[in-house]
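To start, the structure under review is shown below, and the notes come after it.
Taken together, the values in this text are just the output of simple stated rules run on the coordinates, not laboratory data. From a predicted model like this one, the values you see are computed outputs, not experimental measurements. Here the Cβ positions follow ideal geometry from the backbone for every residue, glycine too, while neighbour counts run over all protein chains shown.
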Amino acid sequence: MLHIVNKSPFENQTLDSCLRVVGNVQGAALLLTEDAVFAATKGSIIEGKIKTAMSTIKVYALWPDVEARGMQDRVIEGIKMVDYGGFVDLVAEHSNCQSWL
Amino acid sequence: MGEEMTEATGGIDFEDEDASGVIKKFMFVNRKAPYGTIYALEALEVVLISAAFDQDVSLAFLDDGVYQLVKGQHTKAIDVKNFSPTYRALEGYDIEKLYVEKESLEQRGLTEADLLVDVEVMSSADIAKMMAEQDVVISF
């Protein structure tokens, strides 16, 4: 299952909730979009949480949102970048998806 | 007529001679990342308007607001205007007081060197002190 989060991890509990529920579910994938891409950056207090999740689930970030926010040189190694086409592919590849609101 | 006038002008009496030429200390508090919501851009618009009225303007950047000032923003692919160069233009409008909270930078793995404009990095306590000195604080 694909999980999509679009809110900053610093102002909202959505990413925490998502990782609590699916952070250790085999085969799950997480796509970070919009302000959630800040969770994909090195050196923040969120990095540990994301890295822990990455040992089990695949984590992706939407490149146009990363680049818009000037975060392109700060992305945690192992997080895969996808463009809009890649976003569509992820949705198509997974049996279902959830946008966490 | 006076009553009508104040209603139409949101309670501001433009007939009052004493009101003209008064300079107040305005602080705009920015706590949202750019692009995910419209707050950062709207704050910038209001800041520029207040500068046109020759007010004593300062900007504070806390929490995700610090992301507004990060270098290297490229927004072509999300089809949104990159307004980050505007922060560098504020100096031209005599807006030179940009305060950034140290704790917010640190939590996000950022340093002053990652920012696109000269700022004063201050502790939460010092930011609180600055806020307390303002006539008007507007939060975005």
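Hey, what did chain A get for relative contact order, percent, Cα under 8 Å, at least 6 apart?
Working: 165 pairs, mean separation 36.1, N = 101.
Normalised by residue count, the contact order of chain A is 36 percent.
Using helices alone, I'd like the mean residue ellipticity at 222 nm for chain A: each DSSP H run of four-plus residues gives -39500 (n - 2.57), total over residue count, nearest 500.
Working: 4 runs with 33 residues, N = 101.
Counting only the DSSP helices, I get -9000 deg cm²/dmol.
Output the antiparallel fraction of DSSP beta bridges having both residues in region B:23-139, as a percent to the nearest 5. Walk me through the numbers before you get to the answer.
On the way: 1 of 18 bridges.
Taking every DSSP beta bridge within region B:23-139, about 5 percent pair in antiparallel fashion.
Arrange B:108, B:31 by Cβ neighbour counts within 10 Å, fewest through most, would you?
Working: B:108 25, B:31 21.
Listing B:108, B:31 from fewest to most nearby Cβ atoms yields B:31, B:108.
Quick one: how many lysine pairs in region A:2-100 have C-alpha atoms under 15 angstrom apart, if they're 8 or more apart or on different chains?
Close lysine pairs under the 15 Å cut-off: 5.
State, as an integer percentage, the relative contact order of chain B based on alpha-carbon contacts under 8 Å between residues 6 or more apart. Each step should come with its number before you reach the end.
Numbers: 197 pairs, mean separation 41.5, N = 140.
After rounding, I find 30 percent.
Counting helices only, and only those DSSP H runs with n ≥ 4, report the 222 nm mean residue ellipticity of chain B as the sum of -39,500 (n - 2.57) divided by its residues, in deg cm²/dmol to the nearest 500.
Details: 5 runs with 41 residues, N = 140.
Value at 222 nm, helices only, nearest 500: -8000 deg cm²/dmol.
Between residue B:54 and residue A:42, with labels modelled 7 Å along Cα→Cβ, what's the label distance in nm to one decimal, could you check?
A separation of 5.0 nm, rounded to one decimal place.
Largest first, please: the extent of the C-alpha atoms of the protein assembly as shown along each principal axis, to the nearest Å.
71, 38, 31
Give me the tail of P(r) for chain B as a percent: Cα-Cα pairs with distance above 23 Å. It would help to have the intermediate numbers written out before the result.
Details: 3833 of 9730 pairs.
So the pairs more than 23 Å apart make up 39 percent of the total in chain B.
Of the lysine pairs in region B:23-139, how many meet both conditions: Cα atoms under 20 Å apart, and a spacing of 8 or more in sequence or different chains?
13
Beyond 24 Å, what percent of the Cα pairs of chain A remain?
Working: 513 of 5050 pairs.
It works out to 10 percent of all Cα pairs.
What is the angle, in °, between the Cα long axis of helix B:39-52 and the longest principal axis of the Cα atoms in chain B? Nearest 10 is fine, range 0 to 90.
Approximately 50 degrees, to the nearest 10.
In sequence order, what are the phi-derived ³J(HN,Hα) couplings for region A:73-84 according to the Karplus relation 6.51 cos²θ - 1.76 cosθ + 1.60 with θ = phi - 60°, rounded to whole Hz, with x for glycine and proline?
Whole-Hz 3J(HN,Hα) from phi for region A:73-84: 9, 10, 6, 5, 4, x, 7, 8, 8, 10, 9, 4.
What fraction of the DSSP beta bridges in the protein assembly as shown is antiparallel, stated in percent and rounded to the nearest 5?
Values: 2 of 34 bridges.
Antiparallel bridges make up about 5 percent of those DSSP assigns within the protein assembly as shown.
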